[in-house]
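The values are calculated or read from the model by the stated rules, or taken from the named source; none is laboratory data. Only a predicted model underlies this, so the values are computations on that prediction, with no experimental measurement involved. Here the Cβ positions follow ideal geometry from the backbone for every residue, glycine too, while neighbour counts run over all protein chains shown. Side chains included, ligands, DNA and RNA excluded: accessible areas come from the protein's heavy atoms. Shrake-Rupley method; radii C 1.70, N 1.55, O 1.52, S 1.80 Å.
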Amino acid sequence: MDELRSNKPLMAEIDRIAEVAGYLWTKGWAECNGGNISVNVTSLMGDDERQLPPISPLTPLAESMTGLCGHVFYVTGTGKRMRYIAQDPFANGAIIRISADGKAYEIIAEQPISPTSELPSHLMMHNFLRKSGRDSRVVLHTHPTDLIGMTHCKPFTDSGVITRTLWSMIPECRIIVPKGVGIVPYEIPGTLELAHATIKQLEKHDVVFWEKHGILAVGEDIIECFDAIDALSKAAQIYFSARMAGYEPEGMTDKQVDDLVGAFNL
């Protein structure tokens, strides 16, 4: 696929995906094959590249993705480790194309690597976001230890409570994650039920917690998605650090948190 390798904007995006995969591993958020990434790369490819011949059969989708017809995605592979995606994204992921009717997908580059088992969920989210008019090309799912730990505490399974707690730990958290976080009660990973519940939370948020499982961020840029999760993780670490010192953290006051809205045009 030399023609793709010579596409500088596409390869720059693939490099950014590999960069973030490395961060997820070094952060300890990607045990074994934990986590997955999908990025809509349609706008980075020319007409000829988008029409490359398939290297796999058409695979039916459980639901028709009418907002993604003909769109092209880089998707991490099923069973693949983030530490290896960071080293060689094309040996551990694939570029797929959604069929013209939105009912199936096929792999067009570079190797016939089966996409993540959570691909249906990812595509449903991309479909929803596109139909909503949001230019969110990225869906990033990972397993931050501290944030998952918070969802094992019943009070933090309330979106308002966990958002307020994390925002109050450090000003940057309110600034970097201005819409707060949604939360989905535990569902079996990879199921359509989990996808539908997540989409409901994406109506108001760009970051969603999956109770006792992980966290998902959507956005225009994969680095920004990583930054949002990283900021939330830092806030959680501050919270747990205070608790381990024997104190319930005071947190910023409501006024201090709200004052950031005007100061940073949130």
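Taking every residue in region 151-168 that is under 18 Å from residue 241 (Cα atoms) and pairing it with any residue that is open to solvent by 30 Å² or more (accessible area, probe 1.4 Å) and assigned to a helix (DSSP H, G or I), at least 6 positions away or on another chain, the pairs with Cβ-Cβ distances below 7 Å are 151/157.
State yes or no: is residue 135 under 15 Å from the mean Cα position of the chain (by Cα), of a type in the set (Asp, Glu) and open to solvent by 60 Å² or more (accessible area, probe 1.4 Å)? Yes; evaluated as a whole, the condition is true for this residue. Filtered by the rule that a residue be open to solvent by 30 Å² or more (accessible area, probe 1.4 Å) and not hydroxyl-bearing (Ser, Thr, Tyr), region 149-168 gives 152, 153, 154, 155, 158, 160, 161, 164, 167.
Filtering region 31-60 to residues that are buried (at least 18 other Cβ atoms within 10 Å of the Cβ) and farther than 16 Å from residue 75 by Cβ leaves only 49. Filtering region 170-190 to residues that are open to solvent by 30 Å² or more (accessible area, probe 1.4 Å) and not aromatic (Phe, Trp, Tyr) leaves 170, 171, 172, 175, 176, 178, 179, 185, 187, 188, 189.
Contact annotation: no residue pair with Cβ atoms under 8 Å, 6 or more positions apart or on different chains, pairs a residue in region 1-27 that is more than 14 Å from residue 138 (Cβ to Cβ) and of a type in the set (Ser, Thr, Tyr) with a partner that is open to solvent by less than 50 Å² (accessible area, probe 1.4 Å) and at pLDDT below 95. State yes or no: is residue 82 open to solvent by less than 10 Å² (accessible area, probe 1.4 Å) and aliphatic (A, V, I, L, M)? Against the criterion (open to solvent by less than 10 Å² (accessible area, probe 1.4 Å) and aliphatic (A, V, I, L, M)), residue 82 qualifies. Residues in region 95-123 that are closer than 14 Å to residue 51 by Cα, touching a residue at least 40 places away in the same chain (Cβ under 8 Å) and among the aliphatic types (A, V, I, L, M): 95, 107, 108, 109.
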